[in-house]
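Undergrad: One structure, pasted below without further comment.
The values are calculated or read from the model by the stated rules, or taken from the named source; none is laboratory data. Source: prediction; values computed, not measured. Reconstructed Cβ throughout: ideal geometry from the backbone, glycine too, with neighbour counts over all protein chains shown. Accessible surface areas use protein heavy atoms only, side chains included; no ligands, DNA or RNA. Shrake-Rupley method; radii C 1.70, N 1.55, O 1.52, S 1.80 Å.
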Amino acid sequence: MKTSPLSTFHKEIMYGGTDGIITTFAIVAGFFGSGNSGAQSSLPVMVVLLFGLANLFADGFSMGIGDYLAIKTDQDYKRRFDKKAGDSEMPLLSSIATSVAFILFGIIPLLPYIAFRDDPNAFYYSVSFTGSALILLGIIRWKVTKSHIVIALGQTFLLGGIAAFIAYVVGTFFRI
């Protein structure tokens, strides 16, 4: 049976993709919640993009490193204490898949700030793009697991949405 990259790296795609969407949207929502969301505030859109893109690439790389070290640690532990265990995971490929998923999904909440830089509704577009990215991730989850589509989409969208909402609420505590 032939496996696809989706099925081979499903864990990395879900982990990196979800974290990419949420942590990047947290930057956007935090700025908006604080009243500093670009066109309707004293802080320019470039600040949102600066923090968002810095987070996107640094955290994406960090996620890959964390994935690599976690797999290597598990493999080293199993080699030392469980002589029957094999090295079935590929740490380098897994770390690359995690980083790429983080960056590809994580850029989505920033796209409205790139494409509609002067539009005062960029945040609302970002909310829509973020929801769409979570739905896309839920569809990928459904395709890989063959679970019920409502459950796959619902869990991904609901849990991701809660995390995104938390980012916005935290931003409201920091009116600048």
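Undergrad: I need the fraction of alpha carbon pairs in the range 47-135 separated by more than 17 Å, rounded to a whole percent.
TA: 60 percent
Undergrad: If you add up the charges near S99, with Lys and Arg at +1 and Asp and Glu at -1, over every other residue whose beta carbon is less than 12 angstrom from its beta carbon, what do you get?
TA: Working: positive: none; negative: E12, D19, D59, D67.
Once positives and negatives cancel, what remains is -4.
Undergrad: With angles folded into 0 to 90 degrees, how steeply does helix 149-172 sit against the dominant principal axis of the chain? Use alpha carbons for both and round to 10.
TA: Orientation of helix 149-172: about 50 degrees from the principal axis.
Undergrad: Follow-up. Ignoring ligands, DNA and RNA, what percent of the accessible area of the chain is carbon or sulfur (1.4 Å)?
TA: On the way: 7170 of 10020 Å².
Percent of accessible area from carbon and sulfur atoms in the chain: 72.
Undergrad: Within 15 Å, Cβ to Cβ, of G64, how many net charges do the neighbouring residues add up to if Lys/Arg are +1 and Asp/Glu are -1?
TA: -3
Undergrad: Okay, moving on. Between the helical axis of 45-81 and the dominant principal axis of the chain, each derived from Cα atoms, what acute angle in degrees is found, rounded to the nearest 10?
TA: Approximately 20 degrees, to the nearest ten.
Undergrad: Oh, and also: Can you give the FRET efficiency for I162 and D87, using 1/(1 + (r/R0)^6), R0 = 30 Å, r = Cβ-Cβ distance, to the nearest 0.05?
TA: So, using R0 = 30 Å, E works out to roughly 0.25.
Undergrad: Mind putting together the pair-distance distribution for the chain? All Cα pairs, 10 Å bins, whole percent per bin, short to long.
TA: Going out from 0 Å in 10 Å bins, the chain shows 11, 33, 31, 18, 7, 2, 0 percent.
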